[in-house]
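For reference, the structure is listed below as structure tokens.
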Amino acid sequence: MTEFLPKGLQLPIVATLADKQQESPGIYTLHLALETNSSFDFAFGQFNMLYLFGLGEVPISIMGWQQDLLLHTIRAVGRVTQPLVALDIGAQLGLRGPFGQGWPLHQLEGQDLVFITAGLGCAPVVAAINYAVENRSKYGRIVILQGVKHHNDLLWQPQYERWRDLGDCQVLLAASEEKKRKYHWRLGMVTELLALAQFDANYCAVLMCGPEIMMLAALKQLAKHQVHDKSVYLSLERNFQCGHGSCGHCQLGPYFVCKDGPVFHYPQIKSWFGLAGV
Ligand SMILES: Cc1cc2nc3c(=O)[nH]c(=O)nc-3n(C[C@H](O)[C@H](O)[C@H](O)COP(=O)(O)OP(=O)(O)OC[C@H]3O[C@@H](n4cnc5c(N)ncnc54)[C@H](O)[C@@H]3O)c2cc1C
């Protein structure tokens, strides 16, 4: 039966945990070696379904491909993710993917890029930032706005420092639950950083990922800054089982987050985004 399914929807391939890095309490990056031993084609923003034998399968964004290993950063929250991050080096898991639509980075060449993220929402965005930084001449100004609750929650701190030191790259960080300001950090929500961001509102693309409540607030702020809806792309996160529009759990109006997203062009989903029960 599996030969009739498109690539990626088939039975999981076996991945071996080659390395594991703790990023913060409860968050780990897994480095996976694939049994196929070939490169893995994916677009930044796509995700894989990671399967722990006998326990279940979860969607996890693809962070990157480094030295023949696939990188996934995972927050341990429940039944599958907790045992996933607790695996020992050499353990095996199942992997299906890549799934979904990623960021349209090639279409956005020439424009200023504004990345807005909060919490672990940064996983699918960080891979896109790395691509833009490595292909610096293809894009205009790069603006990175990241919000967390506490300073120590920021993952990949050295990367943020490196991006800050690049020419024509503005990095603004906000901590919403800190009492004291730490040198370049602002206190407050990530959306408040937009007032300080410098980019061309008429020729920019905004790439956002994080809790929907944050993205709704950011959309209001962006409208105040004259950023048009057609300049905005969002990565959504929903609870689902299949990854190819069959289980129906992630339906959003006429779309399925798993196969039509997780990255959407905002005008495409504007009528349904933020509404309960659609
Ligand atoms: C497209 C996509 C990309 C994702 N990328 C990442 C990633 O890169 N790293 C990462 O750590 N997580 C990511 N997630 C979230 C991850 O899939 C869930 O945390 C995971 O499915 C939880 O499974 P569990 O069995 O461990 O938890 P469960 O035992 O099923 O649930 C534990 C708790 O988490 C809640 N929960 C479960 N799934 C989700 C979800 N999708 N969104 C919000 N809350 C949820 C449950 O309601 C419950 O309260 C992504 C989700 C999607 C849809």
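Name the single residue, out of those in the range 123-144 being open to solvent by less than 20 Å² (accessible area, probe 1.4 Å) and within 16 Å of the ligand (Cβ to nearest atom), that is farthest from the chain's Cα centre (by Cα). Top of the filtered list is I129.
For (1) open to solvent by less than 40 Å² (accessible area, probe 1.4 Å); (2) of a type outside the set (K, R); (3) in a strand (DSSP E or B), each residue gets a yes or a no:
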| position | (1), (2), (3) |
| --- | --- |
| N152 | no, yes, no |
| T191 | yes, yes, no |
| A201 | yes, yes, no |
| V206 | yes, yes, yes |
| I213 | no, yes, no |
| Q221 | no, yes, no |
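Cβ separations smaller than 6 Å between residues 6+ apart or across chains give the following pairs from the range 113-142 residues that are assigned to a loop (DSSP other than H, G, I, E, B) to residues that are more than 13 Å from the ligand (Cβ to nearest atom): Y139/L113; Y139/A132; G140/Q111; G140/D112; R141/D112; R141/D168; R141/F199.
Based on what the data block shows, is W272 without any contact (Cβ under 8 Å) to a residue 40 or more places away in the chain, assigned to a helix (DSSP H, G or I) and in contact with a strand residue (DSSP E or B) (Cβ under 6 Å, 6 or more places away or on another chain)? In short, no. Scanning the range 44-64 for residues that are more than 8 Å from the ligand (Cβ to nearest atom), farther than 17 Å from P12 by Cα and touching a Leu at 6+ places or on another chain (Cβ under 7 Å) turns up F44, G64. For D200, the test of being more than 12 Å from the ligand (Cβ to nearest atom) and of a type in the set (D, E) is passed.
Could you tell me which of the residues L30, L87 is in contact (Cβ under 8 Å) with a residue 12 or more places away in the chain and either within 11 Å of the ligand (Cβ to nearest atom) or of a type in the set (F, W, Y) (or both)? Unique residue meeting the criteria: L30.
The values are calculated or read from the model by the stated rules, or taken from the named source; none is laboratory data. Since the structure is predicted, the reported quantities are computational estimates derived from the model, not experimental observations. Glycine also receives a Cβ, built like all others from the backbone with ideal geometry; neighbour counts cover every protein chain displayed. SASA here: full protein model, heavy atoms, side chains in, ligands and nucleic acids out. Shrake-Rupley method; radii C 1.70, N 1.55, O 1.52, S 1.80 Å.
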